[in-house]
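Chemist: Dropping a structure here in structure tokens format, bear with me for questions.
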Amino acid sequence: MSSEASEANASQRILKQNRNYHDAFSHPYDEASIENLKNESTGGLTVASLIHRASRELGAHEIDTPQLDAEVILAHLLGCRRIDLYIYPDKPVEHTVAAAFRNAIRRRGQKVPLQYITHHTEFMSLDLYVDERVLIPRPETELLVEAVIERSRILFHEDEIIFVDIGTGSGAIAITLAKKIDRARVFAVDISAGALAVARMNADRHDVLHKITFLCGDTFKPLKEYGLESKVHFLVSNPPYVSSGEYQHLPKEVRDYEPYVALVSGPDGLHMFKRIIAHVKTWLRTGGFLLFEVGERQAQPVLQLLEDAGCFQKQVFIKDYQKIDRIIVAQMETGRG
């Protein structure tokens, strides 16, 4: 932010937004809903009966895994494991919980992502909070983190390994690196103050706040006051890479609920790659690594951008679980001045 006053105002907005998101899920029902439930028979408010009804409702709305989603939501609201739903199928469910469950099922039927309903996702065995302010981390992004961790092992002689995560979102990449690499010092940048609020929450949850500096701003601009020029060991990014034309054809769950700014990157989907690569020579140290997650059919165009930059000695592709080139690893040449 441009001033201390604006930062304070932004912080107040973030705190208020956090409370609003919490309240929206803590009380997702009204008094009429509760009264309707009280008029039902006790048998209509058991674990098994609620899941059965919810599964049918979600199936009618063409949810791919209706019973699984219903079980995940109910287990979340009850604070139990999914297996407990099978162990105690006849357990009565309180009216308030049943009302919250039905509201959550209605939202899921509208294609609200399951992770936004439970505010939970798992990334590399870490439990992360997510809501509509951040993109939901994908399994493919774990491949990027694994590639970083593997290459960080060659820097055993460094007292501190500096990472910059551009477009940190929920903080999945930054937090995992801070958690799994002892000497990590992470700078996590995002243009969205709301996303950074989520990322800070997750960093606090996993006790790595002291290892991460969260910066609000556009790409490299917030880094300028930290003296990191030519000192960064790893520059990592899962940037927006959907083209504006492709956006209209995304699944409803993604298009209608996940943040546009975290998805779309200009008419060709390459805008953020171009911007990052244009400035990478300023920040990466000799022999440092740039790692991107890229979209389907983007590996070759991004590779061309890297070759045009003329400062990388080699590039490696890593395929995802569908055998698509998903991660690009490029190492800064070791002979540059």
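Chemist: Give the Debye-formula value of log10 I(q)/I(0) at each listed q (0.13, 0.15 Å⁻¹), with one equal scatterer per alpha carbon of the chain, two decimals each.
Modeler: -1.01, -1.24
Chemist: Which cross-chain or sequence-distant (5 or more) residues have an amide H under 5 Å from the amide H of Thr65, H modelled 1.01 Å from N in plane?
Modeler: none
Chemist: Fewest Cβ neighbours within 10 Å first, please rank His206, His76 accordingly.
Modeler: His206, His76
Chemist: If the chain between Ala60 and Arg153 were fully stretched, how many nm would it gain, using 0.36 nm times the residue separation less the Cα-Cα distance?
Modeler: That works out to 28.5 nm of additional length.
Chemist: Let me ask something additional. Residue-wise, which Karplus ³J(HN,Hα) couplings in Hz belong to region 193-206, taking 6.51 cos²θ - 1.76 cosθ + 1.60, θ = phi - 60°, and x for glycine or proline?
Modeler: Along region 193-206, the couplings run 5, x, 4, 5, 4, 5, 4, 4, 4, 5, 5, 5, 4, 9 Hz.
Chemist: Could you check the simple spin-label distance between Ser244 and Glu296, using points 7 Å along Cα→Cβ, in nm with one decimal?
Modeler: 2.3 nm
Chemist: In nm, what is the difference between 0.36 nm times the number of residues separating Thr286 and Ile191 and their Cα-Cα distance?
Modeler: 31.5 nm
Chemist: While we're on this one: Please work out whether region 187-337 counts as rounded, prolate or oblate from its C-alpha gyration tensor, where a ≥ b ≥ c are the square roots of the eigenvalues and a/c under 1.5 means rounded, while otherwise a/b larger than b/c means prolate and anything else oblate?
Modeler: Oblate shape, in that a/c is at least 1.5 and b/c is the bigger or equal ratio.
Chemist: Have a look at the DSSP beta bridges in the chain and tell me what percent are antiparallel, nearest 5.
Modeler: 45 percent
Chemist: Under the rule of -39500 (n - 2.57) per DSSP H run of 4 or more residues, summed and divided by the residues of the chain, what mean residue ellipticity at 222 nm is obtained, to the nearest 500 deg cm²/dmol?
Modeler: -13500 deg cm²/dmol
Chemist: Could you give the nm distance between label points at Tyr88 and Gln67, where each point is 7 Å from its Cα heading toward the beta carbon?
Modeler: Between Tyr88 and Gln67, the label points sit 2.2 nm apart.
Chemist: Over 31 Å between Cα atoms, which of Lys180/Lys323; Lys111/Lys274; Lys179/Lys231 qualify?
Modeler: Check vs 31 Å cut-off fails for Lys111/Lys274.
Chemist: Lys/Arg Cβ at +1, Asp/Glu Cβ at -1, dipole of the chain taken about the Cα centre: which of Gly245, Tyr88, Phe101 is farthest positive-ward?
Modeler: About the Cα centre, the residue reaching furthest to the positive side is Gly245.
Chemist: Something else: Once phi is turned into θ = phi - 60°, what whole-Hz ³J(HN,Hα) does the Karplus curve with 6.51, -1.76 and 1.60 give for every residue of region 176-181, x standing for Gly and Pro?
Modeler: Result, ordered by residue: 5, 5, 5, 6, 9, 10 Hz.
Chemist: Testing the spin-label approximation: label points 7 Å from Cα along Cα→Cβ at Glu333 and His52. State their distance in nm.
Modeler: Label-label distance for Glu333 and His52, simple model: 7.1 nm.
Chemist: With only Lys, Arg, Asp and Glu charged, each at its Cβ (+1 for the first two, -1 for the last two), find how big the charge dipole of the chain is about the Cα centre; round to the nearest 20 debye.
Modeler: With Lys and Arg at +1 and Asp and Glu at -1, about 400 debye.
Each reported figure results from applying straightforward, stated rules to the coordinates on display, with no laboratory input. Treat the numbers as computed from the prediction; the structure is a model and nothing was measured. Here Cβ is always computed from backbone atoms with ideal geometry, including for glycine, and neighbour counts include all displayed protein chains.
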